[in-house]
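Okay, structure first, notes after.
The values are calculated or read from the model by the stated rules, or taken from the named source; none is laboratory data. Only a predicted model underlies this, so the values are computations on that prediction, with no experimental measurement involved. Methodologically, a virtual Cβ is constructed for each residue, glycine included, from the backbone with ideal geometry; neighbour enumeration extends over all protein chains shown.
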Amino acid sequence: MADAKVIPFGDEPRSRRGRGGRARAAGHRTAPLAPVPGQPHGPEHPAAPEATGDRRGPAGPVGTAARPWEQRLAQGLSFLRRRVTGDYEVDEFGYDEELTEEVLLSLLRPVYEKYFRVEVRGVENIPESGGVLVVANHSGTLPLDGLMLQVAVHDNHPAGRHLRLLAADLVFMLPVVNELARKAGHTLACSEDAQRLLERGEVVGVMPEGFKGIGKPFSERYKLQRFGRGGFVSTALRAGAPIVPCSIVGAEEIYPMIGNARTVARLLGTPYFPVTPTFPWLGPLGMVPLPTKWIIQFGEPIPTDGYPLEAAEDPMLMFNLTDQVRETIQHTLYKLLVQRRSVFF
């Protein structure tokens, strides 16, 4: 987020590497049973399935392979062993790919598939390799849109790529949330970290509206706020990475923000304190989001590798590219809203 305040990491270590490479759980297989003595075999007397273990189903022989629950149990035990022994890897930003795939995305997936019923379009516009910057609108009072975007990229992209989100400094000041965000691949929204990730060939996600986007009133839903000063464009130009505009419909209505208790927000040190039809009136129950229907659409990539190196310092070029990305996202939002049948279906 371009307007996020950059805070130093201080003495906090940015890498906690495991004691070895990543181990992969092998699928467990059971040995076939020996034939029953004296049992006739042949074309007219085939061996009993129970005796040979050669039971055939729609996909062929299944008796020689472990049952699905046995495979999941073996994989789960192998995962726990690696966590206990430290036999896993994290990168210099604290990203734990195995934990993200096996645990964090698994917890988010039911919300993504069953609750919000996210429909993804144009994910093929994200290149299969190399650095790419995904720029999306931001909304919803709480940043659930970033988490759903992360699942959408990983589960729908042909290469199963991971999205590394840039987050505001507030995220890394919260206990527990700080640790989970780092392990999920999120990093501070600063140009230095973003450029390093892009140069390493990562898919980086940024939501330039920042708190202005997720904290805007419900009456201004789907009206994009200012995209900062174009810092994300400068980063993409330096790394030569394409920019993929992304439009998210459905997040605006999960917590309709009808008011902002600014006095409470100042006391808590937060950018805003939302008042919705259910929160704070219903207490914790009021924090349950409404089950809206989501659409996430990725637009055609905007190339940046054709510009000279000094283009990253050209304010007019950055303004034009920023405006192009913003207008693309806004136009797509309006188009998706016209096509949408209902907020919930």
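Tabulated results
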read-out: Single residue of P256, P245, P291 found to be at pLDDT 95 or above, under 27 Å from V134 (Cβ atoms), part of a strand (DSSP E or B) and of a type outside the set (S, T, N, Q); value: P245
read-out: Residues that are in contact (Cβ under 8 Å) with a residue 12 or more places away in the chain and polar (S, T, N, Q), drawn from segment 202-248; value: Q225, S234, T235, S247
read-out: Lone unmet requirement of (1) among the β-branched types (V, I, T); (2) surrounded by 12 or more Cβ atoms within 10 Å (Cβ to Cβ); (3) not in a loop (DSSP other than H, G, I, E, B) for T270; value: (3)
read-out: Residues of segment 275-301 classified as more than 25 Å from the chain's Cα centre (by Cα) and either polar (S, T, N, Q) or on the phi > 0 side of the Ramachandran plot (or both), total; value: 3
read-out: Positions within segment 210-219 being part of a helix (DSSP H, G or I) and surrounded by fewer than 20 Cβ atoms within 10 Å (Cβ to Cβ), in sequence order; value: F211, K212, F218, S219
read-out: Matching residues, segment 160-193, being of a type outside the set (G, A, S), assigned to a helix (DSSP H, G or I) and out of contact with any Lys or Arg (no Cβ under 8 Å at 6 or more places or on another chain); value: L170, V171, M173, V177, N178, E179, L180, R182, K183, E192, D193
read-out: All positions within segment 154-170 that are over 22 Å from K216 (Cβ atoms) and crowded, with 22+ Cβ neighbours inside 10 Å; value: L163, R164
read-out: Single residue of V264, V325 found to be under 17 Å from G205 (Cβ atoms), assigned to a helix (DSSP H, G or I) and out of contact with any Asp or Glu (no Cβ under 8 Å at 6 or more places or on another chain); value: V325
read-out: Top-ranked residue in segment 171-184 [being touching a helix residue (DSSP H, G or I) at 6+ places or on another chain (Cβ under 8 Å) and over 14 Å from V90 (Cα atoms); ranked as surrounded by the most Cβ atoms within 10 Å (Cβ to Cβ)]; value: V171
read-out: All positions within segment 119-145 that are surrounded by 23 or more Cβ atoms within 10 Å (Cβ to Cβ) and assigned to a helix (DSSP H, G or I); value: D145
read-out: Evaluation of W281 against (1) hydrophobic (A, V, I, L, M, F, W, C); (2) part of a loop (DSSP other than H, G, I, E, B); (3) within 15 Å of R326 (Cα to Cα) (one fails), failing number; value: (3)
read-out: Among the candidates R262, R238, residue that is closer than 29 Å to P303 by Cα and more than 21 Å from the chain's Cα centre (by Cα); value: R238
read-out: Flag if T304 is under 25 Å from the mean Cα position of the chain (by Cα), assigned to a loop (DSSP other than H, G, I, E, B) and surrounded by fewer than 16 Cβ atoms within 10 Å (Cβ to Cβ); value: no
read-out: Selected residue (criterion: farthest from the chain's Cα centre (by Cα)) from residues of segment 328-343 that are in a helix (DSSP H, G or I) and among the β-branched types (V, I, T); value: V338
read-out: Output for segment 86-98, where each listed residue is surrounded by 18 or more Cβ atoms within 10 Å (Cβ to Cβ) and either of a type in the set (V, I, T) or closer than 14 Å to Q150 by Cα (or both); value: V90, Y95
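Quick grid of which residues meet (1) of a type in the set (D, E); (2) buried (at least 24 other Cβ atoms within 10 Å of the Cβ); (3) under 27 Å from T276 (Cβ atoms):
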| position | (1), (2), (3) |
| --- | --- |
| G201 | no, no, no |
| P208 | no, yes, yes |
| R221 | no, no, yes |
| F227 | no, yes, yes |
| G231 | no, no, no |
| T235 | no, yes, no |
| P242 | no, no, no |
| G250 | no, yes, yes |
| T263 | no, no, yes |
